1. May I ask which residue of B:Tyr118, B:Gly69, B:Val84 lies farthest towards the positive end of the charge dipole of the stretch B:60-123, with charges of +1 (Lys, Arg) and -1 (Asp, Glu) on Cβ and the Cα centre as origin?
2. Work out the mean other chain Cβ neighbour count within 10 Å for the residues of B:232-243 and drop it here as an integer.
3. How big is the charge dipole of chain B about its Cα centre, in debye rounded to the nearest 20, if each Lys and Arg gets +1 on its Cβ and each Asp and Glu gets -1 on its Cβ?
4. Any chance you could look up the accessible area of A:Lys183 with a 1.4 Å probe, heavy atoms only, rounded to 10 Å²?
5. Amide H neighbours of B:Val81 under 5 Å, at least 5 residues apart or on other chains, H built in the peptide plane: list them.
6. Out of every Cα pair in the stretch B:60-123, what percent are spaced more than 18 Å from each other?
7. With a cut-off of at most 12 other beta carbons within 10 Å, and DSSP calling the residue loop, which GluC sites (Glu not before Pro) in the stretch B:56-100 qualify? Please list them.
8. Based only on Cα atoms, what mean projected area does the convex hull of the stretch A:79-181 have, in nm²?
Amino acid sequence: MIEINNIYKTYYVPHEVRALVDVSNSIKAGEVVVVIGPSGSGKSTFLRCLNRLETADHGQILVDGVDIFDPKTDINKVRAEMGMVFQSFNLFPHQTILGNVCLAQKLVRKRGKKEREEKAMMILEKVGIAEKALAHPSNLSGGQQQRVAIARALAMDPKIMLFDEPTSALDPEMIGEVLDVMKALAKEGMTMVCVTHEMGFAREVGDRVIFMDEGRIVEEGTPEHFFTAPTHARTKLFLKQIL
Amino acid sequence: MEQKKSNISRLSNPTAHAVSVAGFIALMFLVIGSVYYATVAVEYQWRWFKIPQYFMYQPSITLYVEADGEIASLNPNKDKVEIVIQGEEGEKKFLVPAGSFHWDEGDSVSPGDIIAQYKGEWKPGLLAIGLWVTLKISFISTIFGILLGIIGGVARVSDTPILKWTAITYVEVIRGSPLLVQIMIFYFVLGTTMNKILMMNGIPKINPEWYGIMALSIFTGAYVVEIVRAGIEAIHPGQVEAARSAGMSYFQCMFHIILPQALKTILPPLAGQFINLIKDSSLLGMISIRELTKATREGITTSLQTFELWILCAILYLLMTFTLSMFVQYLERRTAQK
Ligand SMILES: Nc1ncnc2c1ncn2[C@@H]1O[C@H](COP(=O)(O)OP(=O)(O)OP(=O)(O)O)[C@@H](O)[C@H]1O
Ligand SMILES: [Mg+2]
């Protein structure tokens, strides 16, 4: 479903950082991939390249066979098929919860009012927040906001979901409610790429774990392999630090 | 709404506060008193009672007989009377209010006689017309200024060189020269050229007001560009990423996500800009547009009521700008509630 071939990304401002170095991977439909690694290892950059929020300097990414860095590609079409959830929620503060979940459906999917509102309510129900449909984001807790952000992405019927540390900004007691939604999604067969430090999540629903360090994929494998028999010294050290 | 106090006033005690309020009132009396005293000293004749006619007046109309003749008939017509004068050259009819004459049928008249004397219909005075022109020009220029400012502001933050550089050039060129000079260029350079070209093609000239509106809109637009840019740049980049990652285009993101949120930060400086616009419109008198300031000047040349008219002129501007700033405060409260 996603083919990543030898991508490189270097930032020059404020100083030179090699954020991605020769990264290749292949993500299959229905797979749940968990990306872990120390801060600054390039996890976010990797994820953001997948829907071209960042452009790689070299290399190729094919999403469903479409080369997303090709200037001729209509990137908005590709992005419509990929939901993204951010650490900082990024809900639209000037819209209600319902408005947040409906806006892209209207502008991108061109759905009628009735259709998009029914869809929105159905998904809000699913993430357990339907009763807040008419509230504004600022009146919701962090966990609720993040569930709305997930609902907003799901309302577009994406084929792939990208998560960039969705629980890192949450108070501990709210992490569970968000992870539950993500787990349910994984069990429904959604293709997911998750950058997260939630090892329990990785073990329970992850099909594959990728460990990144200094812009490279250092090691990858099943969660079982990963948490019981990591081979690289860097991986061992990292796991020792966070577990 | 809860009243916010500045740090300075929070420190002061109630007595000091009361003294300071009294001081303010005393100061105001002092200022007004000294102005009054100064005008008495130079023996200025205040004639405020003559001022209302600059807003509304009833012209006095006197009709004179031009040739020898005779009142042929008086035909009442509702509250008016038609006077028919039969002269050597034929009949002449005058429709005048009842009671504005004292002729009877058969009276003979000769040149110089007064046929009738009465008050005409109410008409807007000089200042009323000037006020209206100022309001109209400011309103239209505000609309165009906002449009230019939004288009320019969106262009200013774009990555496309033609858009970005055009916006930068526009802003720098316009902000870099006096408005008065720009008005002159619009009227005497652009206006003269345009009118010549129009005339060659048999199209009527453009009213000077439109050149004035162009100059004001383009001038204000340049400042609005910078205001809009600052408003856009204040929006968290995560908002753009959330919108774009859902597949929205650059412009969808701009008009549905960025600009509605930027409005809150844009409104206060925008209000200041449009208050400036109202005041700057006073320069348009230089290209013979009879706005409030020019109307005041004209009023003074005929009546010599210099003090009253200039003070009144200032008060009228103050009323307009104050109303505008109240309106914007109301809008701000409404957007804040959302
Ligand atoms: N827009 C940018 N401009 C300059 N440098 C950047 C930019 N984005 C990321 N970097 C740098 O690239 C490197 C990789 O960043 P990235 O955000 O991908 O790391 P990460 O693994 O997601 O880290 P974290 O766990 O802190 O989120 C870091 O050194 C970071 O400072
Ligand atoms: Mg990150």
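1. Selected residue: B:Tyr118.
2. Per-residue shielding by partner chains comes out at 4.
3. 2260 debye
4. 40 Å²
5. B:Val96, B:Ala98
6. Every Cα pair in the stretch B:60-123 considered, those over 18 Å come to 30 percent.
7. Filter output for the stretch B:56-100: B:Glu88, B:Glu89.
8. 5.9 nm²
The values are calculated or read from the model by the stated rules, or taken from the named source; none is laboratory data. Just so you know, these numbers come straight off a predicted model, no measurement behind them. FYI the Cβ positions are ideal-geometry reconstructions off the backbone, even for glycines, and counts take in every protein chain you see. Note: accessible area is taken over every heavy atom of the protein model, side chains too, but ligands, DNA and RNA are not part of it. Shrake-Rupley method; radii C 1.70, N 1.55, O 1.52, S 1.80 Å.
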